[in-house]
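Okay, structure first, notes after.
The values are calculated or read from the model by the stated rules, or taken from the named source; none is laboratory data. All of these numbers come straight from a predicted model, not from anything done at the bench. As a convention, Cβ positions derive from the backbone with ideal geometry for all residues, glycine included, and neighbour counts pool all protein chains shown. Surface areas here come from the heavy atoms of the whole protein model, side chains and all, with no ligands, DNA or RNA. Shrake-Rupley method; radii C 1.70, N 1.55, O 1.52, S 1.80 Å.
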Amino acid sequence: MATASGVFHKVMIQSAALKLTMFYLMVIMALSIGFSVAIYRISSRDVAHTFPTDRTMANIFGPTDFNFDELRQQQDQQSENDLRNNLLILNAATLLVGAAVSYGLALQTLQPLEESMKAQGRFIADASHELRTPLTAMRTTIEVGLRDPKLTLPKAKILLGSTLDEVKKLSALSNGLLQLARDNGKDIPKEPVSLKAITKGALSPLELAAHNKSITLKNEVGDLSVLGDATSLQQIVGIFVDNAIKYGNEKMTVTLKSRTSGKYAFLSVSDEGPGIKASDLPYIFDRFYRADTSRTRGETEGYGLGLSIAQAIAQAHGGSVDVKSALGRGSTFTVKLPLAPGLSASP
Ligand code: ADP
């Protein structure tokens, strides 16, 4: 279904495409007409020198009645007319072909812009949809409290507590959205950073959560340096490990490993948790996507933004993220990052 903003974007792109077409066509026609004028001038001068004059012919063949000058002028005129007609036809053809080519080029030039406008529209629609849920819950809670004539202090505290929970969710959601908007901007500062330091920094705030589920965190990451921003890279590892703990089984082990291939380092986080359904796998890096199992949807908090943030950060570093998982057999999330030039060692 075409939305109002979709139609607005289409109209904007079409009007920009027409303006760009006119601009391209003006450049093409200016060149074509310029060359035609130059060719016309040079050719008419050359034609004028092609035919011998009466005096030259008289010198060669002796006196004759034949008027070579008149013939020369007729031939000159004829050649000039032919040349002018040919150039006019050529310019008319350039105008037609140029208009079609310019329109094609304009559409091609504007395609990335159109895609980014569509993506922005989808992002805003998704975000508003997600914001609506906690806002509605808060509104209902507050309205119930206000309408209750016998509202006691303990009851009011319960209502305030549940409103505070929703406020916390809202602030987590808005932080996630802000982060996505920033990382999609790709202006992350990059310098050589140690993968070991990144993983250590990411694991320490998660140790308590792991301990609460008797989960062992095993860090086997090698001595590697990658090119990136330490805080953002720590966040990717944090998202992978946090998910492993959140969705994982009690008493399992989460293992962090690294390897290199070509100019890239690969850091993986493997868990022995429930795994992800094959039908969910292609979508888990999409914004707001949460695999629809009772474990993930009902009991665990989240907005389906973590993995899309990890992906945005990896891409802003010139890398990527990947997952291998099978239901009941755990998951392995991997991030691929460019090695720091000249500083990498073997894992
Ligand atoms: P969130 O955790 O907030 O739901 P994410 O983007 O981090 O959002 O994850 C998207 C979905 O991928 C999760 O809802 C969950 O269903 C699935 N998922 C991510 N990591 C794991 C994991 N280690 N084990 C099982 N499922 C996972």
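List of remarks:
- Leading residue by the ranking (farthest from the chain's Cα centre (by Cα)) among those in the range 141-157 that are surrounded by 12 or more Cβ atoms within 10 Å (Cβ to Cβ) and of a type in the set (Val, Ile, Thr): Val144
- Among the residues listed as Leu90, Leu160, the single one being under 30 Å from Gly304 (Cβ atoms), aliphatic (A, V, I, L, M), within 54 Å of the chain's Cα centre (by Cα) and open to solvent by 50 Å² or more (accessible area, probe 1.4 Å): Leu160
- Pick from the range 57-87, criterion at pLDDT 80 or above and of a type in the set (A, V, I, L, M, F, W, C), ranking: surrounded by the most Cβ atoms within 10 Å (Cβ to Cβ): Leu87
- Of all residues in the range 291-306, exactly one satisfies the criterion of being at pLDDT 85 or above and open to solvent by 20 Å² or more (accessible area, probe 1.4 Å), namely Gly306.
- Residue match in the range 259-267 (condition: within 16 Å of the ligand (Cβ to nearest atom), closer than 23 Å to Arg329 by Cα, at pLDDT 95 or above and open to solvent by 20 Å² or more (accessible area, probe 1.4 Å)): no
- Test result for Gln235, within 29 Å of the chain's Cα centre (by Cα), under 29 Å from Asn212 (Cβ atoms) and at pLDDT below 95: yes
- When each of Leu206, Leu227, Leu217 is tested for being under 26 Å from the mean Cα position of the chain (by Cα) and either among the hydrophobic types (A, V, I, L, M, F, W, C) or under 19 Å from Gln179 (Cα atoms) (or both), the lone residue that passes is Leu227.
- Scanning the range 307-317 for residues that are assigned to a loop (DSSP other than H, G, I, E, B) and open to solvent by 50 Å² or more (accessible area, probe 1.4 Å) yields a total of 0.
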